[in-house]
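What follows is a set of notes on a single structure, which appears directly below.
The values are calculated or read from the model by the stated rules, or taken from the named source; none is laboratory data. This one's a predicted model, so the numbers in the text were calculated from it and none came from an experiment. Using ideal geometry, Cβ is built from the backbone for each residue, glycine included, and neighbour counts are taken over all protein chains shown.
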Amino acid sequence: MAVETFEYDNRIVRKFALATIIWGVIGMLVGIVIAILLYVPDYLGHVSFLSFGRLRPLHTNAVVFAFAGNAIFLGVYYSLQRLLKARMYSDLLSNINFWGWQLIIVAAVFTLPLGYTSSKEYAELEWPIDIAIAVVWIVFGLNMLMTILNRREKHLYVAIWFYIGTFVTVAMLHIGNSLAIPVSFLKSYSVYAGVQDALVQWWYGHNAVAFFLTTPFLGIMYYFIPKASNRPVYSYKLSIVHFWALVFIYIWAGPHHLLYTALPEWAQALGTVFSVTLVAPSWGGMINGLLTLRGAWDRVRQDPVLKFMVVGITAYGMATFEGPMLSLKNVNALTHYTDYIIGHVHLGALAWNCGLAEAILYYIIPRIYAKPLYSLRLANFHFWMSTIGIVFYVIPLYIGGITQSLMWKQFTKEGALLYPNFLDTVTQIVPMYVMRSVGGMMYLTGFLAMAYNLFKTMRSGTFVPGEQASAPALSDQAEHADPKEHKHRILERKPLVFTALTLVAVLIGGIIEFVPIAMVRTNIPTIASVKPYSPLELEGRDIYIREGCNTCHSQMIRPFRSETERYGEYSKAGEFVYDHPFLWGSKRTGPDLHRVGGKYNHAWHFQHMKNPRTTSPGSIMPAYPWMFENVLDTSLTSKKVRALSTIGVDYPPFYDKIALTELNVQAAQIADTLKKDGMPIDANREIVALIAYLQRLGTDIKAEVK
């Protein structure tokens, strides 16, 4: 049997390792900045691109796609070559993957603070960047699949199953959710509207967590825990059940983000059922990972790689139990829209995703530099700083979230809201925001210690760009038929069939949800009084999106007495038929705005946006002085009307021809009213458009409100 000699490509591994560290520092630093902005809203001054609403999506994209994304590529490019006993198929594709991904991140760094956003959670980037993401992701998948076909190992190890599942599902999710009609180079509208858009977004949003922040890290877990502990995976059969159950069930769970909303009850129930079912495969994976370490616990106490792995896997188990519990309607009624959800997300992000990323950095860097880790003591310092930092971060948010919800729902003996002023529920939990930022600082301190430790290791070692390896060619390896062989082993020898079956498994749930999505659009009860936004209101809505107002304010009043007493009539599905995109929100740092139209006069909104503390003493909302200075850009108004008309917004024929005229008339009316109230402002300022939009919200069915 001829043995072939080849080299593993460590250059691409080093590039992704460095990118993971650098973007990790940047993403976490922005996270701390916005955490402080929650209780000191003006400490960065009144600079538009440094406001909370613009920095918050930058933080999420930096930690999800820049830090975690590069960590995924790091783990895949390192482990895949060794599992397949083959160099990556193409160095060119590897480098296109790396540099393309970094350019996408840089594009996000510039566009998001400048206000170019689609407003969709985890999918805020505008359409040209979305196309670039799809292209680079396909390049990555092609490189991976071709390497699998050129392998020297017959069977595909379990880690590779999860890598394949990640590739095919993320491609499907990203393309499906990103469908939009462009208006200009950096402006577009989602082709979906209202309820339909919400269902598509959370089909994507939940599964972005599932197939970008879970399945690739599970593949990393299945490779690095056995390697670091020198122990085989606990159970091959459990691995099979874990993989197939997870990829089939996870795709259905998105609607649990929309419980008690205007989404039809059957869709909400579907999401809840599959979310609860997810406990089984998720915990199967956690058990498989932890029991792989049986007999190796002495090494866990000494090895930083295994320490971070154990805490990460344990947190994965906690988060994947908590998630299904949060999808139960009675629990969701208490926690949704509160800081509890922020704590839940960060438990998984900091301990599971960051923990595994840190573990593989500690594993890989010493090996590709042929040098032991510079300092175990510093690694232990990092471990304890990050672990304690997570506790200081998550626990205050859990406490704050429950406090918020209970205060929202509290009534007096006479039947009135005990805390009718929403601001009371905000100021009560400010100390929790302070503790959260302290925990974040501790976590970042530990991460910086790791970065220093790894750079010292690199500096003292010698980089091995091409690691020598050898193995028999796949064609020379004899095929042995074993009647006792598990049937799944046959499938593991057929990578294209395996990939196709994985795609079928995720498509089943996707299609069954997408067909009803189309039905949702056609079966939404129409409300005759609901009309499209006027041109000025449309421009105001785009400003609202640009400033990230939807990150702190929801536009969805749920059918709870506490909410209808506080805000007004609960939200109806038919009210959102012209909303491209939907703006129901995920978090209430401020009150719901769906019925804010007409609640306050123009002057109140004018003062509130200029200095929120003049109308709401103690408010943590930032000021927006640039809206009073910026001239409203109407160069795209007619194009926006035409674009929305093509995707179903019921504007009259040729309305785009008179859109600017109507915009100017409405703007002049608002400016005149403000002038009478002693607040003169030019009619062509952005604040006028925003006031027009806010005054429109919820007024289409105002006559029906009791």
> Name the residues in the range 368-399 that are surrounded by fewer than 16 Cβ atoms within 10 Å (Cβ to Cβ) and in a helix (DSSP H, G or I), would you?
Replying inline: Leu376, Arg377, Asn380, Trp384, Ile388, Val391
> Just for the range 589-636: of the residues that are among the polar types (S, T, N, Q) and touching a residue at least 40 places away in the same chain (Cβ under 8 Å), which one is surrounded by the most Cβ atoms within 10 Å (Cβ to Cβ)?
Replying inline: Thr589
> Which residue out of Lys85, Lys15 is on the phi > 0 side of the Ramachandran plot, surrounded by fewer than 24 Cβ atoms within 10 Å (Cβ to Cβ) and either in the same structural domain as Glu467 (by TED's automatic domain parsing) or in contact (Cβ under 8 Å) with a residue 24 or more places away in the chain (or both)?
Replying inline: Lys85
>> Among the residues in the range 430-437, are any among the small types (Gly, Ala, Ser), over 22 Å from Val305 (Cα atoms) and not in a loop (DSSP other than H, G, I, E, B)?
In response: yes
> Residues Glu537, Glu563: which one is farther than 18 Å from Tyr260 by Cα, charged (D, E, K, R) and assigned to a helix (DSSP H, G or I)?
Replying inline: Glu537
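More than 19 Å from Ser386 (Cα to Cα) and surrounded by fewer than 20 Cβ atoms within 10 Å (Cβ to Cβ), is that true of Tyr43? Outline the logic, then answer.
Details: more than 19 Å from Ser386 (Cα to Cα): yes; surrounded by fewer than 20 Cβ atoms within 10 Å (Cβ to Cβ): yes.
Criteria met by Tyr43.
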> On the given criteria, is Val40 part of a helix (DSSP H, G or I) and not polar (S, T, N, Q)?
Replying inline: no
>> Would you confirm whether or not the range 591-600 contains a residue that is closer than 28 Å to Leu114 by Cβ, of a type in the set (A, V, I, L, M), part of a helix (DSSP H, G or I) and not assigned by TED's automatic domain parsing to the domain that holds His256?
In response: no
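Just to be sure I understand, how many residues within the range 401-416 are among the β-branched types (Val, Ile, Thr) and either over 20 Å from Ala333 (Cα atoms) or not in a helix (DSSP H, G or I) (or both)? Quick ask: steps written out before the conclusion?
Taking the range 401-416 and keeping what is among the β-branched types (Val, Ile, Thr), we get 402-403, 412.
From the residues that got through so far, the ones that are either over 20 Å from Ala333 (Cα atoms) or not in a helix (DSSP H, G or I) (or both) too are 412.
Residues that pass the stated criteria total 1.
Anything in the range 184-195 that is in contact with a strand residue (DSSP E or B) (Cβ under 7 Å, 6 or more places away or on another chain) and under 19 Å from Leu112 (Cα atoms)? List them, or say none.
So in the range 184-195, the residues in contact with a strand residue (DSSP E or B) (Cβ under 7 Å, 6 or more places away or on another chain) come out as 188-191.
Of everything in the range 184-195, those that are in contact with a strand residue (DSSP E or B) (Cβ under 7 Å, 6 or more places away or on another chain) and under 19 Å from Leu112 (Cα atoms) turn out to be Ser188, Tyr189, Ser190.
To keep it simple, each residue is scored yes or no on (1) basic (Lys, Arg); (2) assigned to a helix (DSSP H, G or I); (3) touching an Asp or Glu at 6+ places or on another chain (Cβ under 6 Å).
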residue: Leu263; (1), (2), (3): no, no, no
residue: Gly271; (1), (2), (3): no, yes, no
residue: Arg301; (1), (2), (3): yes, yes, no
residue: Phe308; (1), (2), (3): no, yes, yes
residue: Ala319; (1), (2), (3): no, yes, no
residue: Val331; (1), (2), (3): no, yes, no
residue: Ile342; (1), (2), (3): no, yes, no
residue: Leu347; (1), (2), (3): no, yes, no
residue: Tyr362; (1), (2), (3): no, yes, no
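To keep it simple, each residue is scored yes or no on (1) buried (at least 17 other Cβ atoms within 10 Å of the Cβ); (2) outside the structural domain of Tyr222 (by TED's automatic domain parsing); (3) part of a helix (DSSP H, G or I).
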position	(1), (2), (3)
Ser94	yes, no, yes
Ile105	yes, no, yes
Tyr122	yes, no, no
Met146	no, no, yes
Leu156	yes, no, no
Gly165	yes, no, yes
Thr169	yes, no, yes
Leu173	yes, no, yes
Pro182	no, no, no
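Could you grab me the full set of residues in the range 417-429 that are in a helix (DSSP H, G or I) and over 30 Å from Ser386 (Cα atoms)? Before the answer, list the steps.
Of the range 417-429, the ones in a helix (DSSP H, G or I) are 422-427.
Correct list: Phe422, Leu423, Asp424.
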> Only one residue in Ile687, Ile620 is modelled with pLDDT of 95 or more, in a loop (DSSP other than H, G, I, E, B) and not hydroxyl-bearing (Ser, Thr, Tyr), so which one is that?
Replying inline: Ile620
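Examine the range 203-214 for a residue that is over 22 Å from Val168 (Cα atoms) and surrounded by fewer than 22 Cβ atoms within 10 Å (Cβ to Cβ), and state whether such a residue exists. Can you show your working first?
So in the range 203-214, the residues over 22 Å from Val168 (Cα atoms) come out as none.
No; the residues of the range 203-214 include none that is over 22 Å from Val168 (Cα atoms) and surrounded by fewer than 22 Cβ atoms within 10 Å (Cβ to Cβ).
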>> I'd like the full set of residues that are closer than 22 Å to Gly53 by Cβ and among the aliphatic types (A, V, I, L, M), limited to the range 531-581.
In response: Leu536, Leu538, Ile543, Ile545, Met556, Ile557
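Before we move on, is Leu347 touching a residue at least 40 places away in the same chain (Cβ under 8 Å) and over 17 Å from Thr214 (Cβ atoms)? Quick ask: steps written out before the conclusion?
Numbers: touching a residue at least 40 places away in the same chain (Cβ under 8 Å): yes; over 17 Å from Thr214 (Cβ atoms): no.
No, not satisfied.
A quick yes/no check of all residues on (1) within 16 Å of the chain's Cα centre (by Cα); (2) at pLDDT below 95:
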site	(1), (2)
Pro304	no, yes
Phe308	no, no
Ile313	no, no
Val331	no, no
Tyr337	yes, no
Ile341	yes, no
His346	yes, no
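From Ser275, Ser229, Ser235, grab the single residue that is polar (S, T, N, Q), assigned by TED's automatic domain parsing to the domain that holds Tyr204 and touching a Leu at 6+ places or on another chain (Cβ under 6 Å). So that I can check it myself, show each step before the final result.
Working: Ser275 fails: touching a Leu at 6+ places or on another chain (Cβ under 6 Å); Ser235 fails: touching a Leu at 6+ places or on another chain (Cβ under 6 Å).
On inspection, the qualifying residue turns out to be Ser229.
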> Checking Pro232 against (1) more than 22 Å from the chain's Cα centre (by Cα); (2) surrounded by 19 or more Cβ atoms within 10 Å (Cβ to Cβ); (3) at pLDDT below 95, which test does it fail?
Replying inline: (2)
